[in-house]
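Participant: I'd like to ask some things about the structure below.
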Amino acid sequence: MTIKQRRKILNLFWYIVLLIGSLICLLPLYWLIRSSLMDMGQIFTMPPIWIPNPVCWGNYKDALTILPFHKYFLNTIFITTFNVIGTLITSSLCAFGFSRINWKGRNVLFTCVISSMMLPYAVTLIPTFIGWQKLGAYGTYLPLMVPAWFGGGAFNIFLLRQFFMSIPKDLDEATIVDGGGYFRIWSQIILPLSRPALIVVGLFTFLNNWNDFMAPLIYLDNERNYTLALGLQLFKGMYNAQWHLMMAASTVVLLPALAIFVIGQRYFIEGIALTGMKS
Amino acid sequence: MATAVTTKKDYKIHRYQIEKRQQIWGVIFTLPVSLGFMIFTLGPMLASFVFSLTNYRVAAAHNSFVGLENYIRLFSGKDPLFYKSLRVTFTYALMSVPLNLTFAFGLAMLMNRDFKGKAIFRSIYYLPTIVPVVATSLIWTWLLDPDLGLINTILRQLNLPTSKFIYQESTVLPSLALMNLWTCGGTMVIFLAGLQDVPRVMYEAAEIDGSNWFHKLIYITLPMMSSTIFFNLVMGIINGLQTFTQSFIMTQGGPNNGSLFFVYYLYREAFELQEMGKACAIAWVLFIIIFALTMLVFRTSRSWVYYEGER
């Protein structure tokens, strides 16, 4: 066997390993969808059936009408949209201040913000909760939405700052010569040039809010105000052994996140790669 | 001559004005995060420490200062759950973090070649990380079901011993670590980006010198990747020690508190038992543990992390 042949066989071997790995990765998701389309009888059949027959679309109708999932869906959309907008505006403003304006105290503040990424959320959880409670905001969406408008998270600021720093400064000077201020530079030069980075931030913020569990869990008390993640947990408590309905509900919660991922795939991979670059 | 002096003076004034303007606008632009940092990070952090020195309860009429009593009671072992949850959390982190990093790194190595469908593979491996944790937990509760779950069914058909997985104290943490492995694609993508930055020339030079794959891994890949490995290690530890949602949904901390993670313990004390003071003390213990571990990793990193172009 020549070296070339050996290399070819080795490459094929690793390719098959990757292929099997990716199938294992997809299997839980396939099993989720399979189970969501079966009736009780099919689910309990041993050995298990791989393809549902007949396909029970009715599970989705049942699962979605038992609890007001359409309401949860709207609640989640509302919170998520509001937070994505807040994060995009305030994190880009802050990143601009950290990257394109020279001022005293900039580095100190930036270091503080970055080190807050390593702070366990549990430390600030309880006083923040007590604070909101004292303000009478317990049970409202305020605790879930207001923080997004205060910089939108250290990671997003960091990511945008890195991106802004790569844009040539000549453009800023040209605007200043024309009599424009910093807000104009921010809105008319930096933001339009940073579309890919802003999309990354928007996508991650969407997913984080869509998937958030702890904050809604501690701040929301009325079932009508629940988010999807919380509704799903409630559903689990009520229909513990009805796997077909639980899988149908899970699929519904998963689908929007999945759609966002498929649409923004390229940006996700690029964005997550940026995370590890400068550590 | 006179005009030259004036222009110089004018220039100085002009510069001063620019600097002043920059100072003002710099503060204004970063105002959201500086306020946010004070309101949502620094303030609560200090408040949390103060609360941890009191017996604060939400419903109580008055709360009093108790000094270090909360801490003393925690460490004295009067509440056996404190040490138990510490043990659970560390056992889990020690299993799941190395497992995750190794798998992610191995996958990234395999992916770091030219082959057809690379982008599709990458997306597939990344996919599980975008599934909401609540949904992930439900899917895996179903897969790990002792009687009807897919995994035990496969084991049974292969005539292998089955397991009770999350319903038995000795297997609950390994089961959760296994489930966590499903989401190693996020770490893998970071590793992959790092691998792509390793200069090819290095491998070519090593090949000319007659190195095999193992030499290349030990002498080129690992040293060149050390800062990425370091980053993932720190983040892995920080996240692993704060696991909460999975056990809240799948096991409610059981069986026999076998998956009572530290944050879950804190959650119970704070939001089910209303022991806010004690919960803050628990939070500070976690904070100090994470801080100490991070510092330890940072300290030792000087000897094993290689930063390009440094020193």
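The values are calculated or read from the model by the stated rules, or taken from the named source; none is laboratory data. None of the values given here were measured: they were computed from a predicted structure. When we count neighbours, we look across all protein chains shown, and the Cβ atoms used for this are built from the backbone with ideal geometry, even at glycine. Surface areas here come from the heavy atoms of the whole protein model, side chains and all, with no ligands, DNA or RNA. Shrake-Rupley method; radii C 1.70, N 1.55, O 1.52, S 1.80 Å.
Participant: Please go through region A:159-172 and pick out each residue that is more than 11 Å from chain B (Cβ to nearest Cβ), open to solvent by 20 Å² or more (accessible area, probe 1.4 Å) and either more than 21 Å from residue A:204 (Cβ to Cβ) or outside any loop (DSSP other than H, G, I, E, B) (or both).
Facilitator: The answer is A:162, A:163, A:165, A:168, A:169, A:170, A:171.
Participant: Just one of A:43, A:66, A:33, A:49 is over 30 Å from residue B:159 (Cα atoms) and not acidic (Asp, Glu); which is it?
Facilitator: On inspection, the qualifying residue turns out to be A:66.
Participant: Oh, and also: Could you tell me whether residue A:90 is part of a helix (DSSP H, G or I), surrounded by 15 or more Cβ atoms within 10 Å (Cβ to Cβ) and either more than 7 Å from chain B (Cβ to nearest Cβ) or in contact with a helix residue (DSSP H, G or I) (Cβ under 7 Å, 6 or more places away or on another chain) (or both)?
Facilitator: Considered against the rule, which asks whether it is part of a helix (DSSP H, G or I), surrounded by 15 or more Cβ atoms within 10 Å (Cβ to Cβ) and either more than 7 Å from chain B (Cβ to nearest Cβ) or in contact with a helix residue (DSSP H, G or I) (Cβ under 7 Å, 6 or more places away or on another chain) (or both), residue A:90 comes out as yes.
Participant: Testing residue A:139 on (1) on the phi < 0 side of the Ramachandran plot; (2) surrounded by fewer than 20 Cβ atoms within 10 Å (Cβ to Cβ); (3) touching a residue at least 60 places away in the same chain (Cβ under 8 Å), one condition comes back false. Which one is that?
Facilitator: Unmet for residue A:139, out of (1) on the phi < 0 side of the Ramachandran plot; (2) surrounded by fewer than 20 Cβ atoms within 10 Å (Cβ to Cβ); (3) touching a residue at least 60 places away in the same chain (Cβ under 8 Å): (1).
Participant: Counting only residues that are more than 21 Å from residue A:31 (Cβ to Cβ) and open to solvent by 10 Å² or more (accessible area, probe 1.4 Å), how many does region A:228-249 have?
Facilitator: Of the residues in that region, 3 qualify.
Participant: Counting only residues that are at the interface with another protein chain (Cβ under 10 Å from one of its Cβ atoms) and open to solvent by 10 Å² or more (accessible area, probe 1.4 Å), give me the helices (runs of 4 or more DSSP H) lying completely in region B:25-139 with at least 3 of them.
Facilitator: Those helices (runs of 4 or more DSSP H) span B:31-36, B:43-52, B:80-111, B:118-126.
Participant: Which one of these does residue A:194 not meet: (1) open to solvent by 30 Å² or more (accessible area, probe 1.4 Å); (2) more than 11 Å from chain B (Cβ to nearest Cβ)?
Facilitator: (1)
Participant: Further, regarding this structure: Only one of these is surrounded by 13 or more Cβ atoms within 10 Å (Cβ to Cβ) and either under 19 Å from residue B:176 (Cα atoms) or in contact (Cβ under 8 Å) with a residue 24 or more places away in the chain (or both): B:281, B:270. Name it.
Facilitator: Sole residue among the options that is surrounded by 13 or more Cβ atoms within 10 Å (Cβ to Cβ) and either under 19 Å from residue B:176 (Cα atoms) or in contact (Cβ under 8 Å) with a residue 24 or more places away in the chain (or both): B:281.
Participant: Tally the residues that are within 18 Å of residue A:122 (Cβ to Cβ) and assigned to a helix (DSSP H, G or I), restricting the search to region B:219-248.
Facilitator: Total meeting the criteria: 11.
Residues checked against (1) small (Gly, Ala, Ser); (2) outside any helix (DSSP H, G or I); (3) over 23 Å from residue A:61 (Cβ atoms):
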| residue | (1), (2), (3) |
| --- | --- |
| A:184 | no, no, yes |
| A:190 | no, no, yes |
| A:221 | no, yes, yes |
| A:250 | yes, no, no |
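Participant: Out of (1) under 20 Å from the mean Cα position of the chain (by Cα); (2) at pLDDT 90 or above, the odd one out for residue A:93 is which?
Facilitator: If we test residue A:93 against (1) under 20 Å from the mean Cα position of the chain (by Cα); (2) at pLDDT 90 or above, just (1) comes out false.
Participant: Evaluate region B:253-262: report whether one residue or more is surrounded by fewer than 20 Cβ atoms within 10 Å (Cβ to Cβ), closer than 26 Å to residue B:187 by Cβ and among the aromatic types (Phe, Trp, Tyr).
Facilitator: Looking for residues that are surrounded by fewer than 20 Cβ atoms within 10 Å (Cβ to Cβ), closer than 26 Å to residue B:187 by Cβ and among the aromatic types (Phe, Trp, Tyr), one finds none in region B:253-262, hence no.
Participant: Give the residues of region A:203-241 that are of a type in the set (D, E, K, R) and either within 17 Å of the chain's Cα centre (by Cα) or more than 9 Å from every other protein chain (Cβ to nearest Cβ) (or both), sorted by residue number.
Facilitator: Correct list: A:212, A:221, A:223, A:224.
Participant: Which number in (1) in contact (Cβ under 8 Å) with a residue 60 or more places away in the chain; (2) assigned to a helix (DSSP H, G or I); (3) more than 24 Å from residue B:16 (Cα to Cα) marks the one condition that residue A:56 misses?
Facilitator: (2)
Participant: Residue A:253: surrounded by fewer than 20 Cβ atoms within 10 Å (Cβ to Cβ), within 11 Å of another protein chain (Cβ to nearest Cβ) and either in contact with a strand residue (DSSP E or B) (Cβ under 9 Å, 6 or more places away or on another chain) or within 30 Å of residue B:193 (Cβ to Cβ) (or both), yes or no?
Facilitator: no
Residue-wise test of (1) closer than 30 Å to residue A:76 by Cα; (2) touching a helix residue (DSSP H, G or I) at 6+ places or on another chain (Cβ under 9 Å); (3) not hydroxyl-bearing (Ser, Thr, Tyr).
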site: B:89; (1), (2), (3): no, yes, no
site: B:107; (1), (2), (3): no, yes, yes
site: B:126; (1), (2), (3): yes, yes, no
site: B:131; (1), (2), (3): yes, yes, yes
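Participant: Which of the residues belonging to region A:100-128 are in a helix (DSSP H, G or I), open to solvent by less than 10 Å² (accessible area, probe 1.4 Å) and either outside the structural domain of residue A:174 (by TED's automatic domain parsing) or not β-branched (Val, Ile, Thr) (or both)?
Facilitator: Correct list: A:122 only.
Participant: Just to be sure, is residue B:238 modelled with pLDDT of 90 or more and either surrounded by fewer than 19 Cβ atoms within 10 Å (Cβ to Cβ) or more than 22 Å from residue A:230 (Cβ to Cβ) (or both)?
Facilitator: no
Participant: For region A:93-110, indicate whether the set of residues that are among the β-branched types (Val, Ile, Thr) and within 14 Å of chain B (Cβ to nearest Cβ) is non-empty.
Facilitator: Taking every residue of region A:93-110 in turn, at least one turns out to be among the β-branched types (Val, Ile, Thr) and within 14 Å of chain B (Cβ to nearest Cβ).
Participant: Taking the residues in region B:205-218 that are open to solvent by 80 Å² or more (accessible area, probe 1.4 Å), part of a helix (DSSP H, G or I) and more than 17 Å from residue B:109 (Cα to Cα) as candidates, determine which candidate is modelled with the lowest pLDDT.
Facilitator: Filtering region B:205-218 for residues that are open to solvent by 80 Å² or more (accessible area, probe 1.4 Å), part of a helix (DSSP H, G or I) and more than 17 Å from residue B:109 (Cα to Cα), the one modelled with the lowest pLDDT comes out as B:207.
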